[in-house]
1. Read phi for every residue in the stretch B:59-73 and hand back ³J(HN,Hα) as whole Hz from Karplus 6.51 cos²θ - 1.76 cosθ + 1.60, θ = phi - 60°, with x for Gly and Pro.
2. Can you check how the C-alpha radius of gyration of the stretch B:1-73 compares to 2.2 N^0.38 Å, as a plain ratio?
3. For B:Lys253, B:Lys126, write out the residues from largest to smallest accessible area, computed with a 1.4 angstrom probe and no ligands counted.
4. What does the net charge come to around A:Leu48 if you take all other residues with beta carbon closer than 10 Å to its beta carbon, with K and R at +1 and D and E at -1?
5. Running a GNM on chain B with Cα contacts under 10 Å, which residue among B:Arg241, B:Arg169, B:Arg220 ends up with the highest mean-square fluctuation?
6. Compare the peptides B:133-140, B:186-193, B:152-159 by average per-residue count of other Cβ atoms within 10 angstrom and give them in order, highest first.
7. Short version: ³J(HN,Hα) in whole Hz for each residue of the stretch B:23-39, in order, from phi by Karplus 6.51 cos²θ - 1.76 cosθ + 1.60 (θ = phi - 60°), x for Gly and Pro, what are they?
8. Please compute the contact order of the stretch B:88-223 in relative form: average sequence separation of alpha-carbon pairs under 8 Å and at least six residues apart, divided by the residue count, as a percent.
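The values are calculated or read from the model by the stated rules, or taken from the named source; none is laboratory data. All values reported here derive from a predicted model rather than from experimental measurement. Using ideal geometry, Cβ is built from the backbone for each residue, glycine included, and neighbour counts are taken over all protein chains shown. For the accessible areas, the whole protein counts, side chains as well, though only heavy atoms, and no ligand, DNA or RNA atoms are used. Shrake-Rupley method; radii C 1.70, N 1.55, O 1.52, S 1.80 Å.
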Amino acid sequence: MGVAGGACKKNHMRLPCLEGEMVAPFDKLKRADGGESRATVGDIRMKLTVNGEEQAVSATTLAALLVELDYEPDFLATALNGELVPMTERERCALSDGDRIEILAPMQGG
Amino acid sequence: MLSIYGEEIASRLLLGTAQYPSPAILAEAVRASSAGIVTVSLRRETAGGRTGGQFWELIRELGVRVLPNTAGCHSVKEAVTTARMARDLFGTDWIKLEVIGHHDTLQPDVFGLVEAARILVEDGFKVFPYTTEDLVVAGRLLDAGCAVLMPWCAPIGSARGPVNPDALRSFRSEFPDIPLIIDAGLGRPSHAAGVMELGFDAVLLNTAVAKAGDPVAMARAFAEAVEAGRCAFHAGPLEPRDMAVPSTPVIGKAVFE
């Protein structure tokens, strides 16, 4: 039905991680139970603007971002830099430093 | 029966879902109104938030059709992106298109409205444009591919009722075959009955029910008023007269002198 799914296409050619800021996530590395941390030294975090607020995240795709920020993906609509990213495209939607993400949910309306 | 974009619409009352005292009262009011279509919107969800999912469940349980809106959008770009996000989330190509142009009156930006309508129709949407009673703008919206028009009768949430009934009358007669829904400005059931008597096909309201002392009772009152107004329109109301006309026959009256 002609859904604009092009918001992410341009990102496939970019290397968002190289533009990211190096942040050592000490909180993840020093786990008291001695378990293996998902993070590694030199974990690269990107700065994104999510719903108007700056966030530093590890996720490199939109789908991973929703998981990282504890969203319920089935009840959301997402946009990247002002363009819709359909639910079916989130896995493939690579994020880049400085991206603006909108995460919207159904709300009451008139 | 009213048909819009090929869909048979059983109820001529469309209800908004905002501003109710509680979700339970919202649900009860929707049932009392007999509305088959309710409007919904999209707003930012907080991280970890679940309010959107809970609201969506409540709407789905009501078994009504949703008409997502682009409320609060002030630009074509905002409205178009919001509409696309709404289609992705709600799974409907219906969109109540609002492009707001004036902060105080919430009057539509009719230039942006026409442009956004054209873009969305080309993208496969079935657009329900919130517009003014301007006939020229309405014509442009039809040219853009809208098959329904939703003129205001007063500013959103003002509860003033039809402030320009002559314009509404002209609107109805200019577009006799287009479904016309009065959207915004209704305050009382008598307002709804009044515009239905003028021949409008349906009304869309929210604040007048949600902010009433008893929203459920008011929803029922509006439903009955819409029904009464529609019946009256079909029954052919009398036009106002300048002079009195006796209703009791004059012929045969006794003369006492």
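1. Values per residue, Gly and Pro as x: 5, 5, 5, 6, x, 9, 7, 9, 10, x, 10, 10, 3, x, 6 Hz.
2. Expressed relative to 2.2 N^0.38 Å, the Cα Rg reads 1.18.
3. If we order B:Lys253, B:Lys126 from most to least accessible, we get B:Lys253, B:Lys126.
4. My count for the surroundings of A:Leu48 gives -1.
5. Looking only at B:Arg241, B:Arg169, B:Arg220, the largest GNM fluctuation is found for B:Arg241.
6. Values: B:133-140: 17.0, B:186-193: 22.2, B:152-159: 20.2.
Ranked by mean Cβ neighbours within 10 Å, highest first: B:186-193, B:152-159, B:133-140.
7. Computed from phi, the couplings for the stretch B:23-39 are x, 5, 5, 4, 4, 5, 5, 4, 5, 5, 7, 6, 4, x, 10, 10, 8 Hz.
8. Details: 235 pairs, mean separation 23.8, N = 136.
Relative contact order comes out at 17 percent.
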